[in-house]
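Novice: I have a structure I would like to understand better, so I am pasting it below and will then ask my questions one at a time.
The values are calculated or read from the model by the stated rules, or taken from the named source; none is laboratory data. For clarity, every value in this text was computed on a predicted model and none was experimentally measured. Glycine gets a Cβ as well: all are built from the backbone with ideal geometry, and neighbour counts include every protein chain shown.
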Amino acid sequence: MRRALRSTKIKKIVKRTPSNRLTIHFRKPAPDYAHCGVCGKKIVRARLRPSEIRKLPKVQRRPERPFPEPCPKCMREKIKELFRAVIKI
Amino acid sequence: MSLIEPGRVCIKTAGREAGKYCVVLEVVDKNFVIVQGPKVRKRRCNIAHLEPLPEKIDLKSVEYINRIILEKFGEGVIE
């Protein structure tokens, strides 16, 4: 096995070929977790390669709430800021 | 006396309807209320997910509530 393929991030799968020989197949490593742009916390999201994410339905790709990029906590803070601006008027 | 009572205008702060205006129709218990608005369907909602406003509205009918909110406030904070 090549040195670069020994990483624990790369999954190895033992397959039996039609000629009754055992071979190792390598799976591509999963990408890193998505992080909130404001507080830097991990976001629970599908941890798939971009090509696989494109195959999912739209609802499973991103949350349906108004600010999809930050985490839900930071989104609530953002909405409360807008809400305070309304209250002053 | 609590701010959350029937007729109170609120802003939802969580979920797909976050930033939208709604009115409290009835109080279920100390955690939950039933809300409705022009862009919020009639549903149960946690009080922690609401921000109350100083205004109150008469609960005449659904059309009346939606019309008054659209005239006075609009659909939501985020257009």
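Novice: Taking residue B:18 as meeting all but one of (1) away from every other protein chain (no Cβ under 14 Å); (2) in contact with a strand residue (DSSP E or B) (Cβ under 6 Å, 6 or more places away or on another chain), write down the number of the exception.
Specialist: Looking at each condition in turn, residue B:18 falls short on (1).
Novice: Then there's this: In the stretch A:41-54, what residues are more than 9 Å from the chain's Cα centre (by Cα) and either assigned to a loop (DSSP other than H, G, I, E, B) or surrounded by 12 or more Cβ atoms within 10 Å (Cβ to Cβ) (or both)?
Specialist: A:41, A:52, A:54 - these are the residues of the stretch A:41-54 that are more than 9 Å from the chain's Cα centre (by Cα) and either assigned to a loop (DSSP other than H, G, I, E, B) or surrounded by 12 or more Cβ atoms within 10 Å (Cβ to Cβ) (or both).
Novice: Same structure, new question: What pairs come up if the first residue lies in the stretch B:62-74 and is closer than 21 Å to residue A:82 by Cβ and outside any helix (DSSP H, G or I), the second is modelled with pLDDT of 85 or more and among the aromatic types (Phe, Trp, Tyr), and their beta carbons are under 8 Å apart, counting only those six or more places apart or on different chains?
Specialist: B:73/B:21; B:74/B:21
Novice: Confirm whether residue B:26 is among the acidic types (Asp, Glu), in contact with a strand residue (DSSP E or B) (Cβ under 8 Å, 6 or more places away or on another chain), surrounded by 14 or more Cβ atoms within 10 Å (Cβ to Cβ) and assigned to a strand (DSSP E or B).
Specialist: Details: among the acidic types (Asp, Glu): yes; in contact with a strand residue (DSSP E or B) (Cβ under 8 Å, 6 or more places away or on another chain): yes; surrounded by 14 or more Cβ atoms within 10 Å (Cβ to Cβ): no; assigned to a strand (DSSP E or B): yes.
It is false that residue B:26 is among the acidic types (Asp, Glu), in contact with a strand residue (DSSP E or B) (Cβ under 8 Å, 6 or more places away or on another chain), surrounded by 14 or more Cβ atoms within 10 Å (Cβ to Cβ) and assigned to a strand (DSSP E or B).
Novice: Determine if the stretch A:55-68 includes at least one residue that is away from chain B (no Cβ under 14 Å), assigned to a loop (DSSP other than H, G, I, E, B) and touching a helix residue (DSSP H, G or I) at 6+ places or on another chain (Cβ under 9 Å).
Specialist: Keep residues of the stretch A:55-68 that are away from chain B (no Cβ under 14 Å), which gives A:55-57, A:60-61.
Checking which are assigned to a loop (DSSP other than H, G, I, E, B) leaves us with A:55-57.
If we keep only those that are touching a helix residue (DSSP H, G or I) at 6+ places or on another chain (Cβ under 9 Å) as well, we get none.
Looking for residues that are away from chain B (no Cβ under 14 Å), assigned to a loop (DSSP other than H, G, I, E, B) and touching a helix residue (DSSP H, G or I) at 6+ places or on another chain (Cβ under 9 Å), one finds none in the stretch A:55-68, hence no.
Novice: Cβ contacts < 8 Å: first residue under 15 Å from residue B:74 (Cβ atoms) and within 14 Å of chain A (Cβ to nearest Cβ), restricted to the stretch B:35-59; second residue surrounded by 15 or more Cβ atoms within 10 Å (Cβ to Cβ) and acidic (Asp, Glu), any location; separation 6+ or different chain. Result?
Specialist: B:39/B:17; B:39/B:75; B:40/B:17
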